[in-house]
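Enquirer: Below are the structure tokens for one structure; questions will follow.
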Amino acid sequence: MTTVLKLKNISKEFIEPRRNIVALNKINLELSDGQCIGLLGPSGSGKSTLLQIAGLLDTPTNGEIIINGEKCNTLSQEKKNLIRKKYIGFIYQNFYLLDSFSALENIIIPQLINGSTYKSAKKKALNLLSNIGLSKRIDNKPRELSGGEKQRVAILRAIANTPKIILADEPTGNLDKKNSENVIKIIKDLVSHYKISFIVATHNLSIVKKFDKIIKLSEGKLI
């Protein structure tokens, strides 16, 4: 199995006037090709910070980030942006869809940014929406979609450019039990179909119990 993401001795410290806050303390983590890892922990345990660092959106105080064999710490911001664009997709609790655009357009736009033609981007977006039962919602804007539908569109947007890694931060946090189960099933199906590796951060054990691996984060440490 190929390692697509490796975090070595990652620490993150926030410096505040009265004290320094250690958000992450010497984290080691490896994510293999087509693997789905559940990152479990309560609010404030460092899950979001870890995903931000893994996705090159934040810089660790110490430690090394290796993505697809490339050491990323000392790269320029421009090179980090290119690596993120090529290899990483993000899913968030609050969806962050573009309100002025339809479900279809929300999946087309990231492909255009990545250099796809409009024709091929639209074809892929239609195909993805059809695969998860949203063919009748392609022209609907986010405000016309349910929470579960919005998150499904957000997942498709994240995989539209077929990244190697998807980092999902509480992707079911705003959903009921049925929609949460549906979202996790979609993630599992995408892992097996596209061989995309996922890290899903959550405080809910029940949604990650069928993942390849579960790791628990508590007070900035993996246990």
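The values are calculated or read from the model by the stated rules, or taken from the named source; none is laboratory data. Keep in mind that this is a model prediction, so the values were computed, not measured. Positions of Cβ are generated from backbone atoms using ideal geometry, with glycine treated the same way; all protein chains shown enter the neighbour counts.
Enquirer: From (1) at negative phi; (2) surrounded by fewer than 16 Cβ atoms within 10 Å (Cβ to Cβ), pick out the condition that doesn't hold for E219.
Expert: (1)
Enquirer: Residues of region 36-57 being touching a Pro at 6+ places or on another chain (Cβ under 6 Å) and either among the aromatic types (F, W, Y) or in a strand (DSSP E or B) (or both), which ones?
Expert: Looking only at region 36-57, we keep the residues that are touching a Pro at 6+ places or on another chain (Cβ under 6 Å), and these are 53.
None - no residue of region 36-57 is touching a Pro at 6+ places or on another chain (Cβ under 6 Å) and either among the aromatic types (F, W, Y) or in a strand (DSSP E or B) (or both), so the list stays empty.
Enquirer: Scan region 112-133 residue by residue and report those that are aliphatic (A, V, I, L, M) and under 21 Å from the mean Cα position of the chain (by Cα).
Expert: Going residue by residue through region 112-133, those that are aliphatic (A, V, I, L, M) are 112-113, 121, 125-126, 128-129, 132.
Listed by number, the residues that qualify are L112, I113, A121, A125, L128, L129, I132.
Enquirer: Is it the case that region 53-61 has a residue that's in contact with a Lys or Arg (Cβ under 6 Å, 6 or more places away or on another chain), in contact (Cβ under 8 Å) with a residue 60 or more places away in the chain and surrounded by 14 or more Cβ atoms within 10 Å (Cβ to Cβ)?
Expert: Going through region 53-61, the residues in contact with a Lys or Arg (Cβ under 6 Å, 6 or more places away or on another chain) turn out to be 56, 60-61.
Next, from what is left, pick out any that are in contact (Cβ under 8 Å) with a residue 60 or more places away in the chain: none.
Scanning region 53-61, I find no residue that is in contact with a Lys or Arg (Cβ under 6 Å, 6 or more places away or on another chain), in contact (Cβ under 8 Å) with a residue 60 or more places away in the chain and surrounded by 14 or more Cβ atoms within 10 Å (Cβ to Cβ), so the answer is no.
Enquirer: Looking at region 96-109, which of its residues are buried (at least 20 other Cβ atoms within 10 Å of the Cβ) and within 15 Å of the chain's Cα centre (by Cα)?
Expert: L97 - this is the single residue of region 96-109 that is buried (at least 20 other Cβ atoms within 10 Å of the Cβ) and within 15 Å of the chain's Cα centre (by Cα).
Enquirer: Now for a separate question. Is there a residue in region 58-76 that is part of a strand (DSSP E or B), among the polar types (S, T, N, Q) and farther than 23 Å from T172 by Cβ? Explain how you work it out, then say what you get.
Expert: Residues of region 58-76 part of a strand (DSSP E or B): 62-67, 70-71.
Checking which are among the polar types (S, T, N, Q) leaves us with 62.
Remaining after also requiring farther than 23 Å from T172 by Cβ: 62.
Yes: region 58-76 contains one or more residues that are part of a strand (DSSP E or B), among the polar types (S, T, N, Q) and farther than 23 Å from T172 by Cβ.
Enquirer: Which of the residues that make up region 136-149 are assigned to a helix (DSSP H, G or I) and surrounded by 12 or more Cβ atoms within 10 Å (Cβ to Cβ)?
Expert: The initial filter retains those residues of region 136-149 that are assigned to a helix (DSSP H, G or I), namely 136-137, 142-144, 147-149.
Scanning region 136-149 gives R137, P142, E144, G147, G148, E149.
Enquirer: Next question. Based on what the data block shows, is I223 touching a strand residue (DSSP E or B) at 6+ places or on another chain (Cβ under 6 Å) and free of Cβ contacts under 8 Å to residues at least 40 places away in the same chain?
Expert: Details: touching a strand residue (DSSP E or B) at 6+ places or on another chain (Cβ under 6 Å): yes; free of Cβ contacts under 8 Å to residues at least 40 places away in the same chain: yes.
So I223 fits the description; yes.
Enquirer: May I ask you to list the residues in region 118-135 that are part of a loop (DSSP other than H, G, I, E, B) and either small (G, A, S) or modelled with pLDDT of 95 or more (or both)? So that I can check it myself, show each step before the final result.
Expert: Let us first name the residues in region 118-135 that are part of a loop (DSSP other than H, G, I, E, B), namely 132-134.
The answer is G133, and nothing else.
Enquirer: Among the listed residues K164, K185, K150, K195, which satisfies the condition of being without any contact (Cβ under 8 Å) to a residue 40 or more places away in the chain and among the basic types (K, R)? If you could, list the steps in order and put the result at the bottom.
Expert: Values: K164 fails: without any contact (Cβ under 8 Å) to a residue 40 or more places away in the chain; K150 fails: without any contact (Cβ under 8 Å) to a residue 40 or more places away in the chain; K195 fails: without any contact (Cβ under 8 Å) to a residue 40 or more places away in the chain.
Selected residue: K185, the only one of K164, K185, K150, K195 that is without any contact (Cβ under 8 Å) to a residue 40 or more places away in the chain and among the basic types (K, R).
Enquirer: Same structure again: Pick out the one residue from I91, I113 that is out of contact with any Cys (no Cβ under 7 Å at 6 or more places or on another chain), buried (at least 21 other Cβ atoms within 10 Å of the Cβ), of a type in the set (V, I, T) and at pLDDT below 95.
Expert: Going through I91, I113 in turn, just one is out of contact with any Cys (no Cβ under 7 Å at 6 or more places or on another chain), buried (at least 21 other Cβ atoms within 10 Å of the Cβ), of a type in the set (V, I, T) and at pLDDT below 95: I91.
Enquirer: Have a look at N62, N68 and point out the one that is within 25 Å of T2 (Cα to Cα), more than 19 Å from the chain's Cα centre (by Cα) and modelled with pLDDT of 90 or more.
Expert: On the way: N68 fails: more than 19 Å from the chain's Cα centre (by Cα).
The unique qualifying residue is N62.
Enquirer: Can K47 be described as modelled with pLDDT of 95 or more, buried (at least 16 other Cβ atoms within 10 Å of the Cβ) and not aromatic (F, W, Y)?
Expert: Working: modelled with pLDDT of 95 or more: no; buried (at least 16 other Cβ atoms within 10 Å of the Cβ): yes; not aromatic (F, W, Y): yes.
So K47 fails the test.
Enquirer: Now a separate question. Scan region 93-107 and give yes if some residue there is out of contact with any Leu (no Cβ under 9 Å at 6 or more places or on another chain) and not in a loop (DSSP other than H, G, I, E, B), otherwise no.
Expert: No, there is no match, as no residue in region 93-107 is out of contact with any Leu (no Cβ under 9 Å at 6 or more places or on another chain) and not in a loop (DSSP other than H, G, I, E, B).
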